[in-house]
Amino acid sequence: MLVLAVALPAVGALAVWGLRRRPEAHWIGAGAAGFGFAAVALLPVGRGSGAWFAADGELTGGWWHQVAIDWAPSLHLEFSLAVDGISWTLALLTALLGVLCCVHNAIGAERRAADLLGADRSASAPLQVPAGTFETGGPPQGPDRVLGLRTGDRASAPLQEPPATVETEGPSPAASRAGGVPAGRDPASGSLQEPPGSFATGGPFPAAAPVHGVPAGAAGDGPESTEWHSPVLTALLLAVQAASTLVFLADNLVLFFIAFEAVLLPMWAIIHRYGDPAARRRAAAKFALFTVAGSLLMATGLFAAVADTGTADLGAIILHGGVSGDASLLVFALLALGFAVKAPLWPLHSWLPDAHTAAPTVGSVLLAGVLLKLGTYGLIRVAGGLAPDGAAAAAPVLAVLAALGILVAGLVCLRLPEIKRLIAYSSVGHMGFVVLAFAAGTEAGIRAALFGNLAHGLVTPLLFFLAGALKARTHTGSLAALGGLRLAAPALAGLLGFAALASLGLPGLAGFWGEAFTVYAAAERGGAWLALAAAAAFGAFLAAAYLLRMLRHVSHGPVAPAALGIGDVSGAEAAVWAPLVAGTLLLGLVPGPLLDLFSEGLL
Amino acid sequence: MTAAWILIAAPAAAGLAGLLVRRRAAAAWLGYAGPAAALACAVAAATANPRTAVVLADFGTVRVWAALDLAPGACAVAVAAAAVSLLVQLYSAAYLRDDPRYAPFAAQVNLFCAAMLLVVAADDLVLLLIGWEVMGACSYLLIAHYATLPQAPGAAAKAFLVTRFGDVAFVLGVMVLGTAAGTFRISALTAVPEGAAAAAMLLILFGCIGKSAQFPLQIWLPPAMAGPTPVSALIHAATMVAAGAYVLTRLLPVWPPGLLLVVAVVAAVTMVGAGLCALAARDVKGVLAWSTVSQVGFMFAAVAVAAGDSALFHLVSHAAFKGLLFLTAGVVIALAGTDGSLARTRLRPGDSRLVFWAMTIGLAAMAGLPPLGGFYSKEAVLGAAYEAATPAGVVVFWAGTGASILTAAYAARLWLLLFWRGGSGEARPAVPRAESFSLWALTVATVAVGALYYAGPFEVPVLHLDLMALLLLATLGGFAITGDSWWRDRPGRRTGEPVGDRDPARVLGRAREAFAEGLYAERLAAKATVGLAAAASAAATALDVRLVDRTAVEGSARAALAAADGTAAGHRGGLVRYLRLSAAGTLVVAVVAIGVGLWT
């Protein structure tokens, strides 16, 4: 089941990409994501059958399940997966968002196809021109140039891809022996290599772009129209889902690093290829460079830990109390730097607003819901687990930065003029809460951090979905140009209000528990930490201020010209958003079971 | 005793379901069913006084309990809150008969009611906090109800933000209390260290000041009148504004006695200041809004002398007469067909006998005329202050006496201005039956609530004859002030002068304008906050965008590019340049190597 959870989306990614010309490709992708979700959801079945560890003479809990397959022992590399309450919830969130994004994509593509078929041909004809260019592999022009990929092998690209994939397996040579994947294709069964490989050769894209997803308005009649809903986007989403699930489930530090890096490439491609045309290249480059710089530091820290302990088994190192005292602070600092970029912790956050703003809706959803969680998960489990002494020593620095991040993000949000950028910046504040709670280091703090982490993964994706729907309808994200949504589309406005209330930490909704008990954890430490607790509480007030400002601009007032005559929430959209709304309510009203899961987790 | 949860679950479920309902009839039935079930449950709980507790969230070092404690006092408040909510639902079904957004309105009233009942019943501070803030969020939604009213969104945001600003302190206080006591259970908060208790209670007091619109956070309440009148009744009568005083009574055992003087000062300033503002206010709902602030000040005064039951008694009787006054005011404004400004709203007593008597009884109760409920509860508060031989008691006793004079004065002013200037004489539409039912019910409650003094759940001081005399004198003095001004300005007395403004607020003289504007506090605060927020936000943006992003991040990218260019140029240059670079490089490496060698 563990392996299936990773393999199903990976295979799905390959299948969708292979079948990208077929109309049902989207639904194959959604199905693969759905099966992946089911595999993750079934993980608690038979839990406790995994190994239980004794530490300090006490049974402190352990993995639910474990799988280990030798891969490259000389490199300490082992395909070893394990799951417990902490990683399972995050993997489940990842799988859920993966399904929702794929379904969103599929629905969007169908609607566009229907629109185009129904609309008069003359209107859609110009849009088809670039598509034709792509399919014939003609000279690069128009959007094609934006790819910035090598154009030499374009003409023969579709033929070349399988070999290309094999060639680019360099960075992680043994991926093909990953074992767990029962797929028939021998060279590329590792979940990670396929999409990155494809990118490096530039093969699939030119051919893939136009296929079924009808590149409506690719020539650019509005920022949102470049969301192509192409099957390749679905394939990339599945690749992100597979790699992120692998990060959460990895029990081997080297494998963890490989998976961590593998998330980056499809995400880069999503932003670079399908983002807002004005900003996507720059944002994607910034995102990639920033994150790579961070993960190189993280890799150094990981290898230092491996060298110090002589094993790369994450669970074993955690149970033995981490690395030895001397190396602890160094290891933690290196790891924390790497994860702080991803989380992101102020002041290492500046890639995030650009990336979120430029990314397509599904990209933003995955960025907020999954990628940021990689950073916090790494910080809490890997950095905190490998070097608990170092974490304790560095806690004040982390806490002060986190509190500063909460305040600065809140203040910046008060004057941001664009809705997606505002939501993106609010993530910096929310992640500040998570890091602050982790830095406080008390039992309540860790649980609050994990809870806040998960809650943010439900609420912010919902906000991004809503903002995406809003932008698609009104063709603008500028707060000044919006207004009267409450009259124009009451259900959409209602949902936006709900998401905003959840995001500002309204008690009874998911966001509350993490943020309130961050304050508690900081207060628990006493002394100067009380000031940080006050800063966090004030940050929650700022969150209310900027979200109400957003609602006032978007929902209230007379109907703005841009919002005139827009459609309200469709049934399909409601179906995609409903799980997030339900999850937000459920976590808010019944936080107990989730906290119990965390309490038996391995930290 | 998990059945006690029906009290909160019924209106909450009805509210959540109501959000999904589009049809008006279904929304209305859900609207009635929620508070009705809660009312039945609250009445039943008054006999059983159930307590229940299960763990809601386990944070390792501390647990949050889903714990309810329906003590007799809490039950009385719960009955009042549920009853007012039910009457407001009945009333608003008629009041908003032409409003297309009635369905979400009814649902939000239900959620609001559930949140208030949670605050009343909760035995755990975090659980209480849930109700506390959900109530704030619902008030935001309800005040912003009128989509076409330009000031509604701003007023709603102001209400939410000011109370949320208080909540910053409230949350901190709750968390400090929790860390000091190791639990959030209100019934278990016994052994709290003095220092932590003092800090926590001052923080919680600030939160309650925000919620109850006391000085200095009273600024949100007057603009909140932009909401529909039933919402004003709901917020002011038995729920949100009273919640602050209620929470303080629950936490009275934790208060360090010396610090109660702070509460006394807050209560004294608020009672008198808000009374003056009410005397000068320019519209019907404005008078009632300021009077609420002043009356909640009486509840704070009772808290300041550690008389929790007196505070609750005044809360319940205030719920009856203020609910009545607001609902009647809605009918008055509708009958007069104005926007509610006192200059234009005028009726004759004969226009609607029900409205006239409802208003009269409500105002008399507020002024404290026996045997109405307001008389007994005010007597209970001042009696407790009289008996408490503390500095706090002295402060609130005299401030309360002064505020009683003012109460009588502004009640009489409102009554005279509304009914005795002669109406326009047009035919008035009949009052809808649902609205008149609510008025009848609240009128009866206002008259009867005094009975709680003799047979109620509250332990209140016995009636002091001298105090009663003083209170009656104060009330009559207030009437006299207003009546004197009214009599002097009667038409025809000064011949030749046009009979215009007979407003008794003239007694305030030059300060009248300032009081009518709430001493400009709202405008000043708005300006200061907006300016401060703009400056801080600009500074943060500059820090974030200029320094972090442009300089540090992109600067490092530029530096890398420049270094790359430099290195490339070095390699491309002539042999001499290359040699020079090599020599310099070797030298640097050598120095570093020697340095490292010496150091180790």
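Computed from the coordinates by the stated procedures, all read-outs in this text should not be read as laboratory data. Note that this is a predicted model, so its numbers are computed, not measured. Please note: Cβ atoms are built from the backbone with ideal geometry, for glycine as well, and neighbour counts cover all protein chains shown.
Per-residue ellipticity at 222 nm from helix content only, as computed over the protein assembly as shown with -39500 (n - 2.57) for each DSSP H run of at least four residues, stands at -22500 deg cm²/dmol. Relative to the longest principal axis of the Cα atoms of chain B, helix B:465-488 runs at roughly 90 degrees.
Considering segment B:439-481, its Cα convex hull presents a mean projected area of 4.4 nm². Converting phi to 3J(HN,Hα) with the Karplus coefficients 6.51, -1.76 and 1.60 and the offset θ = phi - 60°, segment B:260-266 yields 4, 4, 4, 4, 4, 5, 4 Hz in sequence order, with x at every glycine or proline.
Find how many whole Å separate the alpha carbon centroid of segment B:391-463 from the alpha carbon centroid of segment A:429-478. Distance between centres, Cα-based: 48 Å.
Mean partner shielding of peptide A:512-524, defined as the number of other chain Cβ atoms within 10 Å of each residue Cβ, is 6.
Using the Cβ-Cβ distance between B:Val588 and B:Ala389 with R0 set to 60 Å, the FRET efficiency works out to roughly 0.10. Each label was represented as a point 7 Å from its Cα along the Cα-to-Cβ direction; for B:Leu259 and B:Trp440 these points are 4.9 nm apart. In this structure, the amide hydrogen of B:Asp283, modeled 1.01 Å from its nitrogen in the peptide plane, lies closer than 5 angstrom to those of B:Leu342, counting only residues at least 5 positions away or on a different chain.
Counts of other chain beta carbons within 10 angstrom of each beta carbon in peptide B:157-168 average 4.
Hey, which of these cross-link pairs are over 18 Å Cα-Cα: A:Lys286/A:Lys342; B:Lys211/B:Lys378; B:Lys158/B:Lys322; B:Lys322/B:Lys378; A:Lys420/B:Lys527; B:Lys158/B:Lys211?
On the way: A:Lys286/A:Lys342 13 Å; B:Lys211/B:Lys378 22 Å; B:Lys158/B:Lys322 23 Å; B:Lys322/B:Lys378 14 Å; A:Lys420/B:Lys527 28 Å; B:Lys158/B:Lys211 12 Å.
The pairs that break the limit, which is 18 Å between Cα atoms, are B:Lys211/B:Lys378; B:Lys158/B:Lys322; A:Lys420/B:Lys527.
Each other residue within a Cβ distance under 15 Å of A:Ala368 adds +1 if Lys or Arg and -1 if Asp or Glu, for a net charge of +3. For B:Val55, nonlocal amide neighbours, meaning residues 5 or more places apart or on other chains whose placed amide H falls under 5 Å from its own, are B:Ala66. Loop-located trypsin sites (Lys or Arg not before Pro) across segment B:1-89 with a Cβ neighbour count of 13 or fewer within 10 Å are B:Arg22, B:Arg23, with loop assigned by DSSP. Phi angles of segment B:164-179 translate, via the Karplus equation with coefficients 6.51, -1.76, 1.60 and θ = phi - 60°, into HN-Hα couplings of 5, 5, x, 5, 3, 5, 4, 4, 4, x, 4, 5, 5, 4, x, 5 Hz per residue; Gly and Pro are given as x.
With θ taken as phi - 60° and the Karplus curve 6.51 cos²θ - 1.76 cosθ + 1.60 applied, the whole-hertz 3J(HN,Hα) list for segment A:279-294 is 10, 5, 5, 5, 5, 5, 5, 4, 4, 5, 5, 4, 5, 5, 4, x Hz, x standing for glycine and proline.
Expressed as an acute angle from 0 to 90° and rounded to the nearest 10, what is the orientation of the C-alpha long axis of helix B:555-572 relative to the principal long axis of chain B? The angle comes out at about 10 degrees.
Summarising the amide proton neighbourhood of A:Asn252: residues at separation of 5 or more, or on other chains, whose placed amide H is nearer than 5 Å comprise A:Ser80, A:Leu314.
Quick one: net charge of A:Leu603's neighbours, Cβ under 11 Å, K/R +1, D/E -1? Spell out each step's value before the answer.
Values: positive: A:Arg381, A:Arg447; negative: A:Asp84, A:Glu443, A:Glu600.
Residues close to A:Leu603 contribute a combined charge of -1.
In terms of other Cβ atoms within 10 Å, B:His318, B:His145 run from fewest to most in the order B:His145, B:His318.
Near B:Asp99: Cβ cut-off under 15 Å, other residues only, Lys/Arg at +1 and Asp/Glu at -1. The net charge is +4.
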